[in-house]
Amino acid sequence: MFLTMAPKSREVRIVKNLAEGGIRRYLESLGVAAGETLRVLSCDQGNVICVVKGSRLAFDRKLAEKIIVE
């Protein structure tokens, strides 16, 4: 499922990051990489706020739909 569909307040594991090029490398440097876990704090109209490795990150709908989680 896409990150936009992840349940609130539950930890999910990142399966794949479909972002391209520099955006993908930047996200991986922040800890958004396959195998890592994150917790969704809020999902409002597709925009997602989550916690990855103790840091809060915000993703717009377009980017959140490129992160596949389980």
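What the table below lists for this structure:
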{"item": "Residues that are touching an Asp or Glu at 6+ places or on another chain (Cβ under 8 Å) and among the β-branched types (Val, Ile, Thr), drawn from segment 14-32", "result": "14, 15"}
{"item": "Check on residue 42, at negative phi, exposed (fewer than 11 other Cβ atoms within 10 Å of the Cβ) and free of Cβ contacts under 8 Å to residues at least 40 places away in the same chain", "result": "no"}
{"item": "Residue that is over 18 Å from residue 6 (Cα atoms), touching a residue at least 24 places away in the same chain (Cβ under 8 Å) and open to solvent by 40 Å² or more (accessible area, probe 1.4 Å), where the choices are 23, 68", "result": "23"}
{"item": "Looking only at segment 26-39, and only at residues there that are touching a strand residue (DSSP E or B) at 6+ places or on another chain (Cβ under 9 Å) and assigned to a helix (DSSP H, G or I), the one that is surrounded by the fewest Cβ atoms within 10 Å (Cβ to Cβ)", "result": "30"}
{"item": "Hits in segment 42-57 - residues which are closer than 15 Å to residue 2 by Cα and part of a strand (DSSP E or B)", "result": "42, 43, 44, 47, 48, 49, 50"}
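The values are calculated or read from the model by the stated rules, or taken from the named source; none is laboratory data. None of the values given here were measured: they were computed from a predicted structure. Counting neighbours? That spans all protein chains shown, and the Cβs are built from the backbone with ideal geometry, glycine included. The accessibility values were calculated without ligands, DNA or RNA, using every heavy atom of the protein model including side chains. Shrake-Rupley method; radii C 1.70, N 1.55, O 1.52, S 1.80 Å.
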